[in-house]
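One structure is given here, and the rest of the page talks about it.
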Amino acid sequence: MAALLRFEGVSKRYSAGAREVVALDGVDLTIDAGELVALVGRSGSGKSTLLHLAGGLDTADSGRVLLDKRDVGSLSIAERSKLRRREIGFVFQFFHLIPTLTVVENVELPLLLDGAKRGDRGRELIERVGIGPRADHLPGELSGGELQRAAIARALVARPRLLLADEPTGNLDSANGEEVLQLLRDEVRTEGTALLMVTHDADATVRADRSHTLTDGHIS
Amino acid sequence: MRVIRLLSLRRLRLQPLRAVLAAVVVGAGASLVVSLVVLTTSLSQSVEEAGRSLAGPAPLRVIGPVPRGGVTPEAVSAIADTEGVESAVPLVQSITLVDPGERGTGDGEEISVMILGADCRIEGLVGEIGCDQEAAAALTVAAVGRGLADRIGPDAEVRTNLGRVPLADAVRVDDLNALNDGAVVAFPLAEAQRLLGRGDGVDLVYVVPEDGVAVAELQQRLERRLEVEDDLDQRVLDALDPPPLIGVVLANFLPLLSIISLLALGVGAVLVRNSITLSLEERRRQTAIVGALGGSSRLLVVGTIAEVAVLGAVGGLLGVLGGIAVAEPVSASMEDFTQKLAGIPIDVHAGPTAFVVALVVGIGVSVLAAVGPARRAVRIDVAAELASRGRRDEIAQGTSLRRLLLAVVLVFAGLGLCYVAQTDGGLEPWQATLAPGAFLSTTIAMVYVLATAVPILLRLVERRFRWRRGSTRLAFANLGREPRRTGVMAVALGFATAVGFITASFNASVTEVVTEQLSRNMTGVEVSSIEPDFSLNSEARLDPDVLRELGELPGVDRMERGAYLVAGNRPGNLVGVSAYTDPWLAGDIAAGRHDRARFEAGEVIIGPGLARSEGLRPGDLLTLDTPQGPVELPVLAVDYNGDFGGRNIQISWELMGELFGRSAPLTVIVEPERGTDDEVLARTVLDADLDPALQVRTVDEVIDRISGEVAEQLASFEAIQRGLLIMSFVAVLSTLLLVGIQRRREFGMLAAVGMTPNELRRMVITEAALVAVVGTAVAALGSLVQYGALLLITPVVIGYRNPFIIDPLALVQYAVVAIGVALLAALYPGHRAARVEVLDALRYE
Ligand SMILES: Nc1ncnc2c1ncn2[C@@H]1O[C@H](COP(=O)(O)OP(=O)(O)O)[C@@H](O)[C@H]1O
Ligand SMILES: [Mg+2]
């Protein structure tokens, strides 16, 4: 099977004042289509940085990030935006829903940005993630678990080939966290989407196809 | 206090952009108020300076019932004889033109000058100058101030009632330099009386008391003395009291400016409130943390108020600059009146009052606007906030619809009041009181309609059409969810559009009336030797020889004349009196009817202002001050005539001559014989070369001239419209920027799910465009209603009735400008949105 996402010797440094932080140091990583990969590591080990580079939210200092053989780093900002809109879904620890839009509008946002007609896809997904009755509410009226379900629905709405999840359960209690994880796994399997997920959850690691650990910017 | 400094004042340093914006917004609001203060102080100071430079040491002055020669020789001697009077200085004082002549410097244009008549008694004001009464009485030669002497050649002439008088032998007198910037021509008193048609009267008498005599006491004694001496309505004024006509100038400008500045200040207050709400909302977490740590709510309120007061003070100071900027053009247009009416130049003075008012207004309005949001912020739910689940206050759709309905009802109620204010001619005093209030409440209700209707309409537009573009749909969503802010931007843009449109339409309406009246009633050509606008008081009249020669030109049938003068001697009882050899009697009638026979027999037609203030109706007797004492005249009709604020009287030509004598005319209308064309006649008059300054205007040219005067008077509205456009630029810019600061996280989220920088920019600009388009559309409709309300009350407030004629092109033009301003204002906020750093924006805290 062809590689969907490929990191080739990727390094990323941050300079915080005089001090320089090496967030990623020569990372190589390959994820195939439909694969489910877990990423673990201590806080500050560079996990989020890796996800941001994969999603084109940031660019590498050296090395290449390839999505489908396209060098993400060499794309323009607008091209990277369109990439996220169509081929990559993001799920964040802090949900990041637009507070002025209803749940269904939030979920349909990537389609909306592409100028798509309003269809059933958004509501369908909202039903599937189990918050159907909340579809027309504003984010402020939802609980944390419900918000994260909405965020998952949004990440999947454009049928992306890669889903990036950064500690999606980090802000949820364990019962809710477990449910959300289950949902995430079910949905990527149903949609045939590859998933790269940062997690602390040992259980989640076990149920992944593969698991990698980041230690001070080195991957193993 | 340390805590306040830490929590609140430090924010000003951390958020310089926001602080600058808030200050600018307050400043814009304060500007108009300051400009009012600057204008009034400038006017009164300039008038006072002008008065002081003429009065010298004299604390009192006596004036008569008419400004031109109203003080009789008997009154002058009575004044001089009064106990405690050191000297009584009679003067003729007026304004006229000087033609600088071929060899004068400058562009050869006529120079507006003060013309004085004085005799040796002037020493009472200027001190001993070795004046010889005998020799002076024989003199006819003029004296000129340096300001004038430097600008004229040897062939210069001064215009008088008796034609041009050469200034070749004029003596240069430096004592005259302080008056009217030295633009002064002085004649010996008797010569001035002769040249200016004063008979043996003078215009005013300055009174210098003997040493140790109390001025107030002397004033009373003089008044008693003059009452006994004759029953003329002589009046003893403070020497520095402004000439009565100046009140007319103020009445022309101030009410309007006050209304506009109040409204502008209202918009400013809303904007301050807006930005304070935003900054408090942004600070919710901080507030909650302070609350959780045990900070008191008072602390927060006091802190916010302190912060706002600093901003308000800075804004107020900016307002001083803005106020002066606004006052400059308006005072220039005021000066046009004051120079032509009284020879008083106006310098813009921004005294300490302007600073104090600016600070009080800036701080006051900001603090008042901030109290509400600050108190609301105190009531936040600390627990919910720390769980980062703050709810935004949403206005339910039902509520906003109900508010809109209420506002519409209020508009109609206001219209109803406007209607009531003008029933039966609007001649009752309560109607004059009601009219401006009714109009103001209609305007306020209309502003509320604008603020509430635009968000609702945006929602309708959003649903009605299928918007494909994601950025457009998001723009709609943002606007619909923040109806208040949307409303503020809409009001700012709509207001500017409406003022522009209403001004242009009013102009069109007045022009239409002028055109209709003149083309129906005027035949022949108008001839004058001066621009007739505001020249009522000028002595630069048609030369008697020129007049005679005009009548003898081939093709001339006859000449129609008009006479205008001001009677009365205090601001409240001034009336403009007019008479024509061929009265049209074509005005719009408020009460009574135009019976030509009775008019010719001595009944008079009065304006609505006079009818209202004196309670006069057709059939009543009007008391008019004349040089022979008060006379009683029966009222024939009340016309919608706004000259002199509606305090005007038209009498027959005969009566005018009887009561006030004849003076040389400013203008005549030369009527052609049958078969002679107006154009041909105009040619003939010009070719005859009777006087180099002669101006000839056909009916169309007179229409143009009067329309030009109207446009000039409406120029201050245009300045205000431009000011409002700047306000709306600031409003849109500040709102979008502040909203952008608040939505930074949101922009980050949008970028994270795939919105491109261009789309982010487009979203922000689209928001502005949507508000502007829908806002100006609503404003267009609203301004039609407002214009209707204005036309209802103008007969009551101004005195003229005008037809509902609109200038649709102006509407389109001003709407396009407003939309352009909104787009321009959105550029920078859009740019900032496009440049958002996704990861920075998303990072929590
Ligand atoms: N914008 C930034 N500026 C400076 N340092 C950063 C920035 N983003 C991340 N870092 C640093 O890079 C390292 C890796 O961060 P991150 O990828 O967020 O780790 P993780 O997600 O594994 O906790 C950390 O030391 C962090 O402090
Ligand atoms: Mg992280």
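The values are calculated or read from the model by the stated rules, or taken from the named source; none is laboratory data. Being a predicted model, the structure only gives us computed values, none of them experimental. With ideal geometry, Cβ positions are generated from the backbone for all residues, glycine too; neighbour counts draw on all protein chains shown.
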With the condition kept exactly as written, say whether any residue in the range B:82-101 is surrounded by 23 or more Cβ atoms within 10 Å (Cβ to Cβ), in a loop (DSSP other than H, G, I, E, B), in contact with a Gly (Cβ under 6 Å, 6 or more places away or on another chain) and modelled with pLDDT of 85 or more. no
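Yes or no, residue by residue, for (1) more than 10 Å from chain A (Cβ to nearest Cβ); (2) within 20 Å of B:Glu759 (Cα to Cα); (3) surrounded by 23 or more Cβ atoms within 10 Å (Cβ to Cβ):
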| position | (1), (2), (3) |
| --- | --- |
| B:Ala475 | yes, yes, yes |
| B:Arg484 | yes, no, no |
| B:Ile502 | yes, no, yes |
| B:Val510 | yes, no, no |
| B:Val513 | yes, no, no |
Identity of the residue in the range A:88-145, within 11 Å of chain B (Cβ to nearest Cβ), in contact (Cβ under 8 Å) with a residue 40 or more places away in the chain and β-branched (Val, Ile, Thr), that ends up nearest to B:Arg744 (Cα to Cα): A:Ile98
Selection status of B:Val461, crowded, with 20+ Cβ neighbours inside 10 Å, of a type outside the set (Ser, Thr, Tyr) and more than 14 Å from chain A (Cβ to nearest Cβ): no
Exactly one of (1) within 14 Å of chain B (Cβ to nearest Cβ); (2) closer than 18 Å to A:Arg86 by Cβ; (3) within 16 Å of ligand 1 (Cβ to nearest atom) is unmet by A:Pro160. Its number? (3)
Somewhere in the range B:412-423, is a residue more than 14 Å from chain A (Cβ to nearest Cβ), under 37 Å from the mean Cα position of the chain (by Cα), touching a residue at least 40 places away in the same chain (Cβ under 8 Å) and at positive phi? no
Being at pLDDT 90 or above and more than 12 Å from the chain's Cα centre (by Cα) is the filter; apply it to the range A:88-105 and report the residue that is nearest to ligand 1 (Cβ to nearest atom). A:Val103
Criterion first (at pLDDT below 85 and either touching a Leu at 6+ places or on another chain (Cβ under 6 Å) or assigned to a helix (DSSP H, G or I) (or both)) does B:Ser441 satisfy it? no
With B:Val730, B:Val739, B:Val702, B:Val685 as the choices, which residue is more than 14 Å from chain A (Cβ to nearest Cβ), more than 30 Å from B:Val158 (Cβ to Cβ), among the hydrophobic types (A, V, I, L, M, F, W, C) and crowded, with 18+ Cβ neighbours inside 10 Å? B:Val730
For the condition closer than 15 Å to B:Ala475 by Cα, in contact with a Ser or Thr (Cβ under 7 Å, 6 or more places away or on another chain) and away from chain A (no Cβ under 14 Å), what is the one hit in B:Val771, B:Val821? B:Val771
Evaluate the range B:820-838: report whether one residue or more is within 16 Å of ligand 1 (Cβ to nearest atom), assigned to a helix (DSSP H, G or I) and not small (Gly, Ala, Ser). yes
Please identify the pairs in which a residue from the range B:451-462 that is more than 14 Å from B:Ala475 (Cα to Cα) has its Cβ atom under 7 Å from the Cβ atom of a residue that is surrounded by fewer than 18 Cβ atoms within 10 Å (Cβ to Cβ), counting only partners at least 6 apart or on another chain. B:Ile456/B:Leu401
Kindly list, by first and then second residue, each pair from a residue in the range B:827-839 that is more than 14 Å from chain A (Cβ to nearest Cβ) to a residue that is within 16 Å of ligand 1 (Cβ to nearest atom), limited to pairs with Cβ atoms under 9 Å and residues at least 6 apart or on different chains. B:Arg832/B:Arg744
Could you please give the count of residues in the range A:190-204 that are within 16 Å of ligand 2 (Cβ to nearest atom) and either within 14 Å of another protein chain (Cβ to nearest Cβ) or more than 16 Å from A:Phe90 (Cα to Cα) (or both)? 3
So which residues in the range A:44-82 are without any contact (Cβ under 8 Å) to a residue 24 or more places away in the chain, among the hydroxyl-bearing types (Ser, Thr, Tyr) and more than 14 Å from chain B (Cβ to nearest Cβ)? A:Ser74
Of all residues being without any contact (Cβ under 8 Å) to a residue 40 or more places away in the chain and away from chain B (no Cβ under 14 Å) in the range A:3-32, which is nearest to ligand 1 (Cβ to nearest atom)? Just the residue, please. A:Val21
I'd like to know if the range B:753-772 contains one or more residues that are within 30 Å of B:Asp639 (Cβ to Cβ), at pLDDT 90 or above and either in contact with a strand residue (DSSP E or B) (Cβ under 6 Å, 6 or more places away or on another chain) or crowded, with 23+ Cβ neighbours inside 10 Å (or both). no
Any residue that is closer than 23 Å to B:Glu512 by Cβ and charged (D, E, K, R) - is there at least one of those in the range B:674-686? yes
Screening A:Arg19, A:Arg13, A:Arg6, A:Arg85 for residues that are away from ligand 2 (no atom under 16 Å from the Cβ), farther than 20 Å from A:Arg210 by Cα and at pLDDT 90 or above leaves only A:Arg13
By residue number, the members of the range A:2-43 that are outside any strand (DSSP E or B) and in contact with a Ser or Thr (Cβ under 8 Å, 6 or more places away or on another chain) are A:Gly34, A:Arg42
Number of positions in the range B:359-383 that are under 26 Å from B:Ala19 (Cα atoms) and either modelled with pLDDT under 80 or under 20 Å from the mean Cα position of the chain (by Cα) (or both): 9
Residue check for A:Ser48: out of contact with any Cys (no Cβ under 7 Å at 6 or more places or on another chain), away from ligand 1 (no atom under 16 Å from the Cβ) and under 21 Å from B:Arg745 (Cα atoms): no
Just give me the residues in the range A:169-189 being acidic (Asp, Glu), farther than 17 Å from A:Arg154 by Cβ and either within 16 Å of ligand 1 (Cβ to nearest atom) or more than 14 Å from every other protein chain (Cβ to nearest Cβ) (or both), in sequence order. A:Glu178, A:Glu179
Working carefully through the options B:Val739, B:Val771, B:Val796, find the one that is of a type in the set (Val, Ile, Thr) and closer than 30 Å to B:Gly609 by Cβ. B:Val796
Restricting attention to the range A:70-80, does a residue exist that is in a loop (DSSP other than H, G, I, E, B), basic (Lys, Arg) and away from ligand 2 (no atom under 16 Å from the Cβ)? no
